Structures are given as structure tokens and as C-alpha cells.
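Just below is one structure, and these are the notes that go with it.
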Amino acid sequence: MPNSASPAPPVWLYPTEIRHLRRSPAVLEVRARSYWWLVDADALDVRSGSAGLPTLPRWTHPLASIRPGDLGLEPGPRETVGDAARRRVRGGTDTTAAPPTETRTVDVSGPVLIACTGRVAGHGFDPLSVVWCHDAAGEVAAVLAIVRNTYGGLHHYLVHPDGNGRASIPKEFFVSPFHGVSGTYRLSVPPPGDEVSVGITLERDDAEPFSASVHGHRRSVTTTRLLALTLRRPLEPLATSVRIRAHGIRLWARRLPLQSVPEKDTGFGQRARGPRRRGVPDVPRGLRAVLLGAGTHLLFRLAADRLPLRIEPAVGAPFGGGRDDPAAPRMLLHRPADFARRTGTGASIGFGESFMAGDWSSPEPAELLTEFARELASLVPQPLQRLRRLHLPGHPRQEHGTIEGAAANISAHYDLSDDLFALFLDETMTYSSALFPDLPRRRGGAPEDTTDAACSTTAAHADLADAQRTKIDALLDAAGVGPGSRVLEIGTGWGELCLRAAARGAHVRSVTLSTAQRETATQRVAEAGCADRVEIDVCDYRHVDGAYDAVISVEMIEAVGIERLPEYFRSIDRVLAPGGRVALQTILMDDHRVETTRRNYTWVHKYVFPGGRIPSVEAIERALPGTRLHRTETTSFGIHYARTLRLWRDRFDARRDEVAALGFDETFRRLWRFYLAYSEAGFRSGYLDVAQIILEANR
């Protein structure tokens, strides 16, 4: 078979025969027919998130399309899918952000060919896709074997095959519940030509318990051939998924022992470990989605007419209460039907997912979302609000605030990448609300100033680090931290509070559930010469021992869970020395909202802070009986958080190319931009607040 570079035209069809042979722990052979497209990755136009086949008209896209996210090859700004594959090969990493399986300098400047089934009518499932990366001379220099399992996981095996297309690599990814993650894969991946022939054999303990092969002959691609293929094999990706599950049921019926699925090899596990890709669910299909989308479209137009917004659909006249106001916040509806279906089936989760998918955008999303937040309670009719629990999912059990769940929840957000956070935080690496000298603070429920002037960031960019230090000093002062104080910090962050407390002569023990943050904070403490006064542990707050004059926690209580607040305060009371003080900084909501939303599962829970629950002052008060603690002071400053978030978003936007260079895809970047704007809107509208709360122990 010739070791040729990119074929012309840039897409070919290979009707294939698939053979699976399982020799252990039971003998079972399965044969099936399917197909692969072989596509020049640089010819794929994926500006809308997925691409139809090159050379075919746009109307054929629902019949055959390729989404880079399905392959873990999302291109960055000004990149092609081929560039994303080259970057993956040069970096040597897989899509789960695990350590690289192999790293070497390799020339992959030539064509990149992808073999996959792709998507049909929005459905996509390729258990195996293969990417051949060529060098400048047209020879295959590297191959990515992309494996997906039915648990939502995806893995890249990077190999450099010999002249016959052969290579071996350790098995690292869980695929079948009847085989664990051990052994070696022997691959046969010669470059495609008139034929494509790919084989995988699992070797373990001098045996070959499993092998699979894909073989097919090349055909040219025409519209007529695509239509014929669609008639013969409609919804082929869905059929493939069904065949795999049916195969598993046959083995299960033989009473074969099942292996537990490692969390790292599931969609949830990959998310919890902080991948650099963020998939958006498909646009919902079917009659239910159509009906919900139609109803949502009507409700959205009615709600928009009551708000000072200008909604600009891709086709048609603008609408909304601010349609004639050029200064009104603008919402650009790029794909109105997709927006309506996502929002109709997913409510607030779908609304955020629509932004991630690019169904809509806004030049100033925080201003737009602020207007929605101010009228949130009245936008959806009460009868429909009461149906939310029947329609929307609840919190996944694994995200509850148990000891195991809390560790996974914290890792999901804070272990994403220290380099990512460093791009938009200030030099103190403080990830909580700052205190600005020109903005008011409130005591006793004074009304909030949420005017645009209060949110202005004109003079604040250079002062963010100082404002963060002011916030930390206010907490240390309120807790009475000075020379010789024994301080417990719950939630280390990146160590700034430890450093400032140690500079006062205090002895600090700080606990965190983020191993990445502990490593960075420990390094900062050592570089500052404070290692003799600061101890940082990976430890749950429930396991802390000792006695402390001050307990300080900055925006960690939101991760505890409302139902676990009594346990949280009992844990603090147990280690607080007589006469000690507790200084908390916490995001707050109105108590009525806490009670009415405590079972809600939101976009933020799904994509940003799994398991998070924002308390109210009253919820904190209700958790104190049974302890010696009582509240002595509350200082609120929600508008300070609005400005802090705006500064973070400005920095994030200004450094978006550097974010992309870290490997975070466009979907992730839209997710993060929405998260920062969404949060800013919560504080600007008054829906959210933040406060420093001081507790003392009864004598």
C-alpha cells in the first residue's frame, strides 16, 4: 500500500467491514458493516462548530458532518483541525490532560488525514477514529488512534509506526466492562490508499484476549453516493452505539464478571480532572424538543418586550423593550432555533449552553444578563416555575458535599490550571472579591449602589492587587490576628492570606482539597521565607485538629452545602480556642431564594462549581445552635465583587490568545466568559451579595 500524502479530492468514502473477536473470558465474534470518511483535516471549515464534507453542498451537512470536539481536536483561533492535530502530536498529550504517553520532536508539517464516521442528523459516536499526520516529504510521521467509550470518555493514543504501519503502546483507557486497564495494544495503522486496513490487538499475559479490525475499499464521494449511503445506513453512529451495547448485554447474559469503570475514563471523570475541551450537548431533537422550543420562543419574545434589551435575530427585525434604543444592551441571536430548543429543554442550563455553542452572543454580556437577573423572578410564569422540578435534573449524587464528593468538586474547578488563573488574576493570585477604597461597604442591610458608576473599572485596573490585600487585611484585623496568633485557614487558595498572616507574626495552618493549589501556595510560602510559620495540608475541614485563636475562611463556605452547614460550624467550634474569633467571607443570597432554589441544578453547577450552594445570613444563623458561636458583625460589599469580576473578565478577554495557547478550546473560552459575565450580573443586579461575617465564641 502506498505511503501517500493527502489524496485529491480532500474526502473519500470507505465502506468498511468491522470484525471484533473476543477470546477471553468468553469467545465471541461479531462482524458488522459500516463506513469511514477519509478527510483532509485542513479542508474542514468548522467555524460553526462542525463541518460538512468538503466538496459537497451545504444541504448535505445533516447527512454527514464532522465535529472536532468529538475527536478532541478543537482548533484554536486561526487554526485548522489539522493544526489542532499537529499541536496534539507535538505536545504529546491526550485529551484527558493526563501525562503524555510519548513526547518527541517530530515533523508533522505535511497533510493530516482523519478517518471517522462523523455525525448523522446530529448523532455522533465513533469508537475508533484514526488520524495520520505526514511530514513535509509526505511520509507518515505520527498516528493518533482516538478511542471513545460508551461512558463519555475519550483518549488519544499517539504512536510513531514503523514502515509497515505497526506500533505498540500500553493500554491506558477503559473501554469494555469485561476487560480492565492493563496490557499492551499492538496496532496496525498503515496509511490509507485504495484500501484502508486498521487493526488493534490487546496483548496481556502472553495471550491475545481481544482483537478488532476495520477494512474497506476506497470510493469517490458524490451527492448521489451520499444519499444512497444514507438510505442504506441511516443514523449509522447511533446504530454503532446500539450494537456495542447489545454486544455487552450478550456477554453480561453469560455472567461474565464486570470491571468497575475508573472515574478518569468517564465524561464526568474527565471533567472533574479539568480537561481543556468542553463539549456542548447536541441541539435537542424530536417532537418534544420542537414543541418546547416553539413555546420557549414565544415566552422569550414576551419576556424580552418587558426588558430594556435589543434582541437582534439573524433574520428578521429586532425585538425587545429596547429595540429602538441604540444604547440598550444587545443580544445577537445567531441561531434562533437552536437557542430556543436548548433553552426550552434545559432552561437556564440550556441558556448558558447556547452561549457556549455560539447560538447567541453579546458585545457586553454582563449588562445584558444584569437586566435578565433583575427581573428573573417574574420572567417565567408561576405555573411554569412550579413544573421545573418535573422537567429539570437534580444534583448528581456524586457532587454532594460528602468527604469524597467535596474533594472531586474542588478539583473540578481549582485544579484546571494554575497558568489559566494566573492569566486573569492579579499578582496576589487571589480568587475572591476585592475591597476597593472608592466603593461603599454596608452594614445592617443598607441599600446597595448598583449604578454603572459604581461598577466602573476605569481607575481600578492597577489597584486590584492592593484591593485584594485590603480585603485580606480586613479579615485578619477582624479576627484579631497578630504576633503569636494561632490561625487556621479553611481553603488555602494560592496562599496570599497565609503570607500576610505570617508577616504579622502569626503561625498559620491552612487546609485545602486542591493538590495543585497546595503545591503553588507551598512554593510561594517557601520563597517568601515563611515556611517556619506556615503549614499547608490537603485536608478536609472535618478532619482538622488542634486549637486556634482565629479561624478564617474566604469564599469556601459555598462549597459546603446548605444541609452541611451545622457540621461545618461544629467543626470550627471544636478547634476554636476560648476567646477566639471566626472571620468568614461568603457570597450570599436572599433567604427566600436560598429556600426556593436549594434543589435547583444550574449551569454553574454543571460547568463551573459542581456541588456549590450559596447560603444566606439566616441559613448561617440557623446552623449555629449547638455551637458556642454567635454572629457579631456583618459587612456587605456586593458591588465590589461586580467590579472584581469585570476586571477579571477584561483581563481574560485581553489574553484570550494566551488562554488558547494553554490548550483551552473556543467552547471553553466562551464558557469562561459567560461564567464571569453571569456572576458579575448577579452582583450588579443585587441577586447576589458578598459579606465578611465575624463570629465569636460564647465565654
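The values are calculated or read from the model by the stated rules, or taken from the named source; none is laboratory data. Computed from a prediction, not measured in an experiment: that's the story for all the values here. Every residue, glycine among them, receives a Cβ derived from its backbone with ideal geometry; neighbour counts consider all protein chains shown. Accessible surface areas use protein heavy atoms only, side chains included; no ligands, DNA or RNA. Shrake-Rupley method; radii C 1.70, N 1.55, O 1.52, S 1.80 Å.
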Item to check | Computed over region 514-649, the ratio Rg/Rh where both radii use C-alpha atoms and Rh is Kirkwood | outcome: 0.98
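More than 17 angstrom separation, counting every C-alpha pair in region 215-257; what % is that? Walk me through the intermediate numbers first.
Details: 508 of 903 pairs.
Tail of P(r) above 17 Å: 56 percent of Cα pairs.
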Item to check | Distance (nanometres) between label positions extended 7 Å along Cα→Cβ at ARG78 and ARG542 | outcome: 5.1 nm
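Rounded if a/c is under 1.5, else prolate if a/b beats b/c, else oblate: with a ≥ b ≥ c from the C-alpha gyration tensor eigenvalues square-rooted, which is region 550-596?
Judged from the Cα gyration tensor, region 550-596 comes out prolate (a/c at least 1.5, a/b above b/c).
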Checklist entry - So for region 301-361, Kirkwood radius off the Cα pairs, Stokes-Einstein at 25 °C and 0.890 mPa s: how many µm² s⁻¹? => result 212 µm²/s
Checklist entry - Once both labels are modelled 7 Å past Cα along the beta-carbon direction, what's the ARG58-LEU227 spacing in nm? => result 2.0 nm
Item to check | Cα principal axis extents for region 566-623, largest first, Å | outcome: 42, 24, 18
Item to check | Rounded to the nearest 10 Å², the accessible area of MET356 at probe 1.4 Å | outcome: 0 Å²
Item to check | Nonlocal amide H pairs with SER109, under 5 Å, H built at 1.01 Å | outcome: ALA136
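Divide, for region 11-54, the radius of gyration over alpha carbons by 2.2 N^0.38 Å, where N is the residue count.
Details: Rg = 16.4 Å, N = 44, 2.2 N^0.38 = 9.3 Å.
The reported ratio for this selection is 1.77.
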Next on the checklist: Report the Cα centroid-to-centroid distance between region 628-699 and region 488-560 in angstrom, as an integer.
Outcome noted: 21 Å
Checklist entry - Can you work out the base-10 log of I(q)/I(0) for region 588-699 at q = 0.11, 0.17, 0.19, 0.21 1/Å, using the Debye formula on its C-alpha atoms alone? => result -0.48, -0.94, -1.06, -1.18
